[in-house]
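Working notes for the structure below.
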Amino acid sequence: MSRGRPIPKGEVRISRIIFILADLQQRKGGILRFKDIHEEFVRAGIVSNIKYRGNTRRILKKLIEMGYLEQPRRGEYRLKVAPRPFQVIELIREVQESYGDEMIYEWRAGGLFWTLAEGTIFGLPRNIDENPVYKLILEVLLVRLANIFDAIVELGKAAKTSKNVKTMPIPYTAVREFILNILPYVIGELSGIDGDGLHAEAILKLYKRLLEHIPKEINGQPILVDLIRGYVDTSEKLLKISRHNEELIESLEAENSWGARASEKIVVVMHPPRHLIDESETERELYESLKQLIKKGVSDAMLLEHMRVYDESVVEKVLKYLELGLMLNKERKKSLIRLYKLVRAGEALEGMVTHYLSPKEYTIWIESENSSFEDTIEISKHASEAEKNEEVVLSEIRKEFEETIRRGYTLEDMVKGIWLSNWPGMPRFILYYSDFSENIVDFVRKSVRETLEAIGINVPHNFDILIEEGYRLMKKLDKMLKQDTNKIVHSLKDAFNHVAKEGDVHE
């Protein structure tokens, strides 16, 4: 089972670095010397050349700022997390080896073939999803659980980056999840006569009424109204054949059944995907993801969406494996690598533009007229950036630009790839700094040009053409991805039909 959104590339890279440091600390002891860390980073490909000691210093400084690392003395470092992070995986394996796995259910959630979060449920029968109704319910509940878990993790990571609790950055992922859960929270927890949430029948009736008014798209993004209707129709059938567990438990207790209350002993353990913890999982996971997608006949757009969260070295290896396995021809492999490199180049430039625009942000206030919200919330956006001298900011951006060029990306690729920096969404600086009163293409053109000129870089002679080509490429990929999604939706509808038939049988 797998649904959701890709893991940000930065999160994958930080987790990999921590894994490398944890392994090194376990081998070397409690204190790590800079020399040992630098050599390990070069060996692992984190730093490309033994001469680039400054790159290692910048990485270590960033980890200290994020709260993952401390520096007791000059040239010495120590992880502030456990040497074997997420040791729960080893404990799960030990339990399985000692007690068997008949009542251990393992699950994962993420994209169609990649992982956002995974876990183990002790006390849940391993074969529970052989029942199609249980399987459908678990798919929905576990995917929501995984995304809520991911949002909480993002809050924790953001909190570690600021010493002042009032100026902590607000992660987009957490806000998205907050918005998404407003309706379930109010409807399911606060509404109703007793103020403890509506009962299932009332929620179903409410959803049917909402369905009459939900548009089929918003801001150009499709809303799968037919799929929602399929869920609602299936829910209505399931509700008719459902029963309260307490009735079953009471009847078992009346019969003095030994398993009556034992059935309540269920423990859920959740953790980030294993490929963030175990390096050997990374290539294997991407390989399996792309292989299954290729078999489904999807376009390069969906393959790119899955590839973009992985390191370049991993992507190139996996595409080579797929070519050797005759699953990709040479031309398609070349096209995918080209698209991937445009994404990476665009991400780099998008970061520079955001860096350049961010000092222009000032403290803003959010005040609600709703009496339910008595407090006024002050948000200091990019407060630390606003305090920086402009020349310091420009110097940092120049270094970012030089580093991107050293990594082999051209200015032309950066300009064209800017549209793919946050694909399938728009570049983030549009969301942050545009009031949408002007044409989006013009806003991007102006922002990129202004940033490059501010750091003394001459824009390419074909700058306007590159901006237009990048925009058209993004729209083309949007269309391809939408077509791929429709294929997946049709397969989900088939699953609904199967579950609906099962419900009819039970009735």
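Read-outs: derived from the displayed coordinates by stated rules, not from any lab. Remember, predicted model here, so these are calculated numbers, not experimental data. Heads up, the Cβs are rebuilt from the backbone with ideal geometry, glycines too, and the neighbour counts pull from every protein chain shown.
For the set 208/482; 51/317; 317/446, the pairs lying more than 28 angstrom apart at their alpha carbons are 317/446.
Peptides 314-321, 341-348 ranked from most to least packed, by the mean per-residue count of other Cβ atoms within 10 Å: 341-348, 314-321. Filter 334/399; 160/291; 330/476; 237/291; 416/487 down to the pairs with a C-alpha to C-alpha distance above 27 Å, please. The answer is 334/399; 160/291; 237/291; 416/487.
Counting other Cβ atoms within 10 Å as a rough exposure proxy, the listed residues 168, 414 run 168, 414 from fewest neighbours to most. Among 313, 437, sorting on how many other beta-carbon atoms sit within 10 Å of each Cβ, with the fewest leading, yields 437, 313.
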